[in-house]
Amino acid sequence: MEAILSSNLKSGDIQALFVGNVLGDFSEGQGMVQSFAADEIGAKNIPASRFEGACASGTMAIRDAFMWVASGFYDMVIAGGVDTTSKMGTALGTRTFAMFTDGHYEYPSGLTFPGAFGMLTHQYSAKYNIPLARLKHQMALVSVQSHKYGQHNQLGQLRNEITIEDVLNSAMVTSPLQLYDCCPFSDGAAAVVLASEEMAKKLTDKPVYITGIGQASSGRFSSQKEFLPRLRARELSVKQAYDMAGIGPEEVDLCELHDCFSIASIIAAESLGFAEFGHGGELWEKGDADISGRIPINMSGGLKSKGHPIGATGASQVCDIVRQMRGTVEPQRQVDDVRIGLTDTLGGDGIICNLILKRGW
Amino acid sequence: MKPFEYKLTFKDFNASLRKNKLLALTCGSCGKHTCPPKLVCHECGSTDLESTALSGKGKIVTFTVSYVTALGREGEAPVLITMVELEEGPWILGNLVGIDPDRATMEALMGKPVRLARARMLPPDQYSGGKELKGGFARPTFSLD
């Protein structure tokens, strides 16, 4: 409703709804949320679609909504996501998240999501010849920075500052990942209104344009043998987005990327073009990913501190970049003069979706 | 046209693994192997595939020791999960046995040769896909060579 009201719209103006929702069936016993959501907001009987791509679902919903509006089929829609995964508790939460591994060939061995990233951490350390102790220090810096800014996010979940020692002394989850290398289970929702350029200009003097989109997929973990620890789908997806927007990574002013685990940030930053392969951790070591660095990353607090309500995560990234552009986030985490922003979401090990946003004034 | 069928179904792969035999698909077009099986050759996309047995030998690509397990599997922790590159080429996810998970370090494991061991089993749960899993999942299980 906040998205509709702050856009000076009425529910009846919305022509279609696109929502990312992953685990509502398990956490709330609620399927088909799209239909009920449309009715709840008073947009009665409009076409409503649910997107499921694990943790990339919200971005998938926005990407699809964008394509429908860009095609001219609609000129005013709402897109976003919702999930309440903390309600399931750790055991069922871990079981349901593990459903995004291959249920026949990989889950039986005990693979979980943190497990996959624990394996990637060891492989990364060996492949790029970075001693595990140094890599773990870089990873701790990622979590520390997320909390440094996330503590100021009024909408965040874990709003406390943490130290490198806190990370390195936290409980072992799946070697070598410790508790503070991992994002929490979260409850949350986010939504944006997407309008045609003509309509947007009538509604606001501060429109934000989607100028690039990308999406790609991969198979089971072992099926990615040619590329791991790189995630090929991200490289393909972000290239689509950069090419469509006609820009390169050096033109991005702010990035919200998928830091489900600290190592995931390092791997993502490389694939998005912000660092050479094997050097992603240096962005945090040298302050390049910090608020006044070359490419500020996750000033929302990221999944680690802001939280990771999976179906909503991609939409919340978009909301935060829009607010950054409009200069309306908390001053402690406001980046100067954001003109171009990039979002990045990873569903399982397989679905990656990227959006490029451009300030329209 | 005949209905398209899997050359190696999960059911047959699983039944064979229970008997400690690792099956794969060998491609009549490029000669390479796909394991675990898919509908088409992983390497070239061909559907000209035959089910064959692999040696079960390989080396460790990476691993993790998981201390948090899913619902119904609480007694399993800590569990040592490994990705193995088989000598025939494919990678397969499985478990490593015969080593104390708390002593699993990169120095002890990365790149080390392994061979197929007696398959550990996982009983199905309510999300496991029904009757075809009666008897449970055979887990690719390896020990250090």
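Quick rundown of the values:
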quantity: 10 Å Cβ shell holding at most 16 others, DSSP loop, trypsin sites (Lys or Arg not before Pro): longest site-free stretch of chain A; calculated: A:45-158
quantity: Using alpha-carbon coordinates, inclination of helix A:232-245 to the longest axis of chain A, degrees; calculated: 40 degrees
quantity: Prolate/oblate/rounded call for region B:10-144, Cα gyration tensor, a/c under 1.5 rounded; calculated: oblate
quantity: Dipole magnitude of region B:10-144, debye to nearest 20 (Cβ charges: Lys/Arg +1, Asp/Glu -1, about Cα centre); calculated: 400 debye
quantity: Ranked A:C55, A:C353, A:C182, B:C27, criterion: other C-beta atoms within 10 Å, fewest first; calculated: B:C27, A:C182, A:C55, A:C353
quantity: Chain A: angle of helix A:113-127 to the longest principal axis, Cα-based, in degrees nearest 10; calculated: 50 degrees
quantity: Residue exposure sequence - A:E106, A:E282 - by fewest surrounding Cβ within 10 Å; calculated: A:E282, A:E106
quantity: Where no second cysteine Cβ lies under 4.7 Å, the cysteines concerned in chain B; calculated: B:C35
quantity: Diffusion coefficient, µm² s⁻¹, Stokes-Einstein with Kirkwood Rh over alpha-carbon pairs of region A:12-95 at 37 °C and 0.692 mPa s; calculated: 247 µm²/s
quantity: Selection of chymotrypsin sites (Phe, Trp or Tyr not before Pro), region B:1-73, meeting DSSP coil and at most 12 other Cβ within 10 Å; calculated: B:F4
quantity: Calculated on alpha-carbon atoms, Rg and Dmax of the protein assembly as shown in Å; calculated: 23.0, 70
quantity: Most mobile of A:D25, A:D349, A:D83 in a GNM of chain A (Cα contacts under 10 Å); calculated: A:D25
quantity: Helix axis angle, A:310-326 relative to chain A longest principal axis, alpha carbon, degrees; calculated: 70 degrees
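All of the numbers you see were taken from the coordinates with simple rules; none came from a lab. Bear in mind that the values here come from a model prediction, so they are computed numbers and not experimental data. All Cβ positions, even for glycine, are placed from backbone atoms using ideal geometry, and neighbour counts span all protein chains on display.
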